[in-house]
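K.L.:
Take this structure first; my questions come after.
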Amino acid sequence: MQIHNNHNPNNESLNWKNFKNGNAAAFEFLYKTYSAGLYNYGSKFTKDKDLIKECIQDLFVGLWTRRQSVGDPAHIKNYLYKSFRHAIFKKTFQLSKNETYEETENYQFLAVLNIEETIIDNERQLQVSGQLQNALAKLTARQREAIFLKFHEQLSYEEIAEVMGITVKAGYKIMARSLDYLRNNLSKDDLLLLYALLHLKLLN
Amino acid sequence: MKKQLSDYKAYTLADLINDETFILWVLQPDKTAELFWQDVRNTYPTLDPLIADAREIVLSIRFETDALDATEQKQLWQNIAAKTVSVKKTVKISPIWYRYAAAAVVVGILFCISILYSVNQKVNIETPYGQLRNITLPDGSMVTLNANSQIKYDKNWNKNEIREVWISGEAFLKVNHLHKTGEIQNHERFIVHTGAVNVEVLGTSFNVNDRRGRTEIALLEGKISLDLKTGETKPLILAPGDIAEYANGKLLKKSINVAEYASWKDGKLYFRNVPVGKIFDYFEDIYGYKVVVDDPKILEKRLSGALSAKDRDVLFKAIGVTLNINITPKAATHELIVTSK
């Protein structure tokens, strides 16, 4: 699994500042840091490789053109993911300009668990993953996306809400509902998971 | 959002699973996170079983990733650059005489080194297949040499000279930090030479793997600077958690879980999404087998997990069961026969 280590907020905002001042290296750094994650995120919405690439290209070209007017987002990653998500939706559905994509419930999110990648000296985990996989497949796209952003991209609820264009409360709700669903659809004798998910219900 | 230690007192399993810092620690532990969670565990030892369970759950939730290959990634950048930051570059070619001069200098240096060699006595330690060895260097720094590896250094380390070792194969080093204040003196420096890369160290622990024309350096603590022998590029500075890889003439930095890179020294092997072919390469390097596979498709599978490397047979068996293959060592021919079931 590829994870990006951008946890030094100072470096990040310094790089952002340089980028805004027209520093080409800083701009390339942005691309190098985020393009792989963005591509992966995009591939969950569509299997059209060229479309995803086009959206990444538009996103970065747009960023560069507007560099003097873009603000200083608190979380650059969120900002990019949000803009990228918007671009993907726009391209995929050819939304008209005044229709906001938040209203669209009708999209796909094809996140699949990587079961082969589970720890091999732990058979039970393989089992747990398998069950999660089945349950995950039955969630709505929105629920899957929230789980993906939480566990793959390690975003907080606040950040998930920002990227998906929903309120924080709605973010909690989606997550709680998904996990609730998972709880009801997993084998009941898996005490560990049940225990975990029962507690997650507190988020409601 | 930084939490107080006391926040963890009443933590439940659900709190752990929902805690970004926890998820981060499980998925990509670094030094800071390791220390922090160690602190939490020391303060609230009752959390241990919860932490173990939460880890398991977080590790179960792994999504498949889709990625562009390196060429596509580069091409896409070139498209973007062409519309934004690209400036026409002119390629500078150094004149022929310049290269001859450089070659002459290299020959000169080699000559000097060979004279130095004959003066100072060298220690040369090689490990056979399947055996590790711990070595204490003249300054008290510790080296764990993996199987089928070699280390060379001067028997006596002069007060005014740089500490230098030459390594091929794989080694884990814990270097004594001699530099306290003021300007760095020669003897406070420590350099590891591998096939293509020089590693300059200031008190640190790291793993060097120099095999099959590739060099990988994983830094666990401290700070090191990497320099290509060719001197073509600027030195690359590594921070803890960084891994540098030298292959095909290029030195690149990537961030992965470095603790896993040096796990062999504690008799464990960690794989994270590693192609099986690479694991077999490792067995060839470490145990000296020639791996013979009946179905090359096996080599493309990927494996993640933690295994004990102490017992070779158990190790082969565990991997065999996971991949549904048979792994049989053949002592007579020194082959490792791999067949699909």
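Every number here is computed from the coordinates shown, using simple stated rules; none is lab data. On a predicted model such as this, the values are computed, not experimentally measured, just so you know. No Cβ is skipped: glycine too gets one built from the backbone with ideal geometry, and neighbour counts run over all protein chains shown.
K.L.:
Work out how much length residue B:333 to residue B:297 would gain on full extension: take 0.36 nm times their residue separation and subtract the Cα-Cα distance, in nm to one decimal. Please list the in-between numbers first.
P.N.:
Values: separation 36, 0.36 × 36 = 12.96 nm, distance 2.36 nm.
Here the answer is 10.6 nm.
K.L.:
Treating only the Cβ atoms of Lys and Arg (+1) and Asp and Glu (-1) as charged, compute the dipole magnitude of the stretch A:40-89 about its Cα centre; round to the nearest 20 debye.
P.N.:
Values: 9 positive and 5 negative charges, 31 e Å.
Dipole magnitude for the stretch A:40-89 comes out near 140 debye.
K.L.:
A further question on this structure: Putting +1 on Lys and Arg Cβ atoms and -1 on Asp and Glu Cβ atoms, find which of B:264, B:314, B:197 reaches farthest to the positive end of the dipole of the stretch B:189-341.
P.N.:
B:314
K.L.:
For the stretch A:15-55, state what percent of all Cα-Cα pairs lands in each successive 10 Å bin, counting from 0 Å until the bin that includes the largest distance.
P.N.:
Going out from 0 Å in 10 Å bins, the stretch A:15-55 shows 30, 37, 28, 6 percent.
K.L.:
Report the trypsin sites (Lys or Arg not before Pro) located in the stretch B:140-183 that are in a DSSP loop and have at most 10 other Cβ atoms inside 10 Å of their Cβ, or state none.
P.N.:
Numbers: sites: B:152, B:155, B:159, B:163, B:174, B:180; in loops: B:155, B:159, B:180.
Passing sites in the stretch B:140-183 are B:155, B:159, B:180.
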